[in-house]
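Scroll down for the structure; my scribbles are underneath it.
The values are calculated or read from the model by the stated rules, or taken from the named source; none is laboratory data. Predicted, not measured: the structure shown is a model, and the values here were computed from it. Glycine gets a Cβ as well: all are built from the backbone with ideal geometry, and neighbour counts include every protein chain shown. With ligands, DNA and RNA removed, areas are computed over all heavy atoms of the protein, side chains included. Shrake-Rupley method; radii C 1.70, N 1.55, O 1.52, S 1.80 Å.
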Amino acid sequence: MNIDFANLQLQYQKYKDEIDTNIHSILDNSNYVMGKEVSRLERSLEEFTLAKHAISCSSGTDALLLSLMAIDIRPGDEVITTPFTFIATSEAIAFMKAKPIFADIENDSFNLDPNKIESLITSKTKAIIPVSLYGQPADMTAIKAIADKYNLKVIVDGAQSFGSTHNGNSDSCLGDISTTSFFPSKPLGCYGDGGAVFTNNDNYADKIRMLRVHGQTKRYSHKLIGMSGRLDTIQASVLLVKLAHFADEITNRNKIAQTYNEKLNKFVQVPQIKPNRTSVWAQFTLRVQNRDFVQAKLQEQGIPTTVHYPLPLHLQDCFSYLNGKKGDFPIAEKISREVLSLPMNPFLTNDEIDYICEQLIRVLKDQ
Ligand SMILES: Cc1ncc(COP(=O)(O)O)c(C=O)c1O
């Protein structure tokens, strides 16, 4: 069997008529930038998340930058975040000339550990950015309590977790500002780059809408230094189709995760979802010893796997100026050596899941 990791092609074939119709209508009217589909998508995102404002933008990375600009992050400010995430989270902080301050992660959820935050707070700390890794929110009750105590802002990097919940609330409503990415392989993905910012705060929303179009209040009047950060109309039209199917896709992802769990939990460490949270399973990530061996053997059997992420951010060359060293964040370092993500998409069949699990169990016994 040859398994497709994210199977975007199959998803396209399922929704092809709707997607082609939407794309062609934009080609027919040439409204490529800020067409009506963009505002329709934003209203649909607000309905889906119950956030007061959903503001689409050019990528998950730009969503983070717009959020940091909105809360007025300045050079030299400190922002506490996780070292175990995609580079974009800390890259956005560094791009603002602020300083990423890493705190280690929880051993079970792989998310920012609230118990490691408080000792890092200084007079320069302005914000905390938890990431909802692999689709599951961090411990937002504890993180928000710390933020409130020290008057810090919270930006939730929800690039991997659009549609997940924490105490019944959408991941997109958990921070002062929350973000997501519509990168093609994300749970809700478009056909290029895209992202969104969510907030219940009217002032932030006004500012972000301005910032995403060069800080402009009306054509050629610029109140702020902003960016070219809009979502293309064609991408919005693709997302409108996919959003209509998204609740069903989340249900399928959860069923698949449950089946993986039942078949694998006796043999390997499976993902842990906390009782007050749901995941959208951007990844189904195991912890394995001897990862290279397991990965190579699965590949030989037509089963692709991925490693998110092999090196924590404090050990990346681009952050060497922060003087991070091995041993600073032992849990992030250990987990980065062990994580392995199995194929995950809403269209995996029972036969495919059976095959993946049988092969994996065989490889684990062989090592
Ligand atoms: C946690 C996290 N933050 C931010 C991003 C950046 O999103 P984008 O690729 O849309 O810029 C990603 C994308 O992989 C991500 O996983």
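Using alpha carbons only, what's the Rg to Rh ratio of region 232-313 with Rh from Kirkwood? When Rh is taken as the Kirkwood radius, the ratio is 1.05.
Springs join every pair of Cα atoms under 10 Å in this Gaussian network model of the chain, and among I225, I101, I117 the largest mean-square fluctuation is at I225.
State the Cα centre-to-centre distance between region 1-24 and region 179-200 in whole Å. The two parts, judged by their Cα centres, are 17 Å apart.
Placing R0 at 35 angstrom, the Cβ-Cβ distance between Q272 and D17 gives a FRET efficiency of 0.30 after rounding to 0.05.
Over region 216-367, what lengths in whole Å, largest first, do the semi-axes of the equivalent ellipsoid take, defined as the square roots of 5 times the eigenvalues of the alpha-carbon gyration tensor? Walk me through the numbers before you get to the answer.
Working: eigenvalues 247, 136, 40 Å².
For region 216-367, the semi-axes come out at 35, 26, 14 Å.
Taken about its Cα centre, region 203-348 carries a charge dipole of about 500 debye when Lys and Arg each add +1 at the Cβ and Asp and Glu each add -1 at the Cβ.
So how far, in whole Å, is the C-alpha centre of region 102-127 from the one of region 244-304? If you average the Cα positions of each part, the centres end up 26 Å apart. Here the mean projected area of the convex hull built on the C-alpha positions of region 109-199 is 6.0 nm². The calculated P(r) of region 72-138, using every Cα pair and 10 Å bins from 0, goes 23, 53, 22, 1 in percent. Apply the Debye scattering formula to the chain, with a single equal point scatterer on each alpha-carbon and no solvent, then give log10 I(q)/I(0) at q = 0.07, 0.13 Å⁻¹. Computed log10 I(q)/I(0) values: -0.30, -1.05.
Each listed q (0.14, 0.17 Å⁻¹) maps to a log10 I(q)/I(0) for region 192-286 from the Debye sum over equal C-alpha point scatterers, namely -0.77, -0.90.
Rounded to a whole number, what is D in µm²/s for region 1-70 from Stokes-Einstein with the Kirkwood radius over alpha-carbon pairs (4 °C, 1.567 mPa s)?
Once the numbers are plugged in, D ends up at 87 µm²/s.
Where only DSSP H runs of four or more residues are counted, the chain gives -12500 deg cm²/dmol as its mean residue ellipticity at 222 nm, each run worth -39500 (n - 2.57).
Per the Debye calculation on region 1-120 with a single equal scatterer at every Cα and no solvent contribution, log₁₀ I(q)/I(0) for q = 0.10, 0.11, 0.21 Å⁻¹ amounts to -0.54, -0.64, -1.18.
Fully extended, how many nm does the chain gain between L27 and F95 (0.36 nm per residue separation, minus their Cα-Cα distance)? All intermediate terms of the calculation are to be shown ahead of the outcome.
On the way: separation 68, 0.36 × 68 = 24.48 nm, distance 3.52 nm.
Computed gain between L27 and F95 is 21.0 nm.
For region 51-164, the Cα-based Rg and Dmax, in that order, read 13.0, 35 Å.
Legend: residue pairs K186/K326; K149/K207; K99/K153; K14/K255; K99/K186, Cα-Cα distance threshold 21 Å; pairs beyond threshold, K186/K326; K149/K207; K99/K186.
Would you rank R40, R219 by solvent-accessible area, highest first, keeping every protein chain in place and using a 1.4 Å probe?
On the way: R40 130, R219 175 Å².
Result, largest first: R219, R40.
The eigenvalues of the Cα gyration tensor, multiplied by 5 and square-rooted, give region 144-257 an equivalent ellipsoid with semi-axes of 27, 22, 10 Å from largest to smallest.
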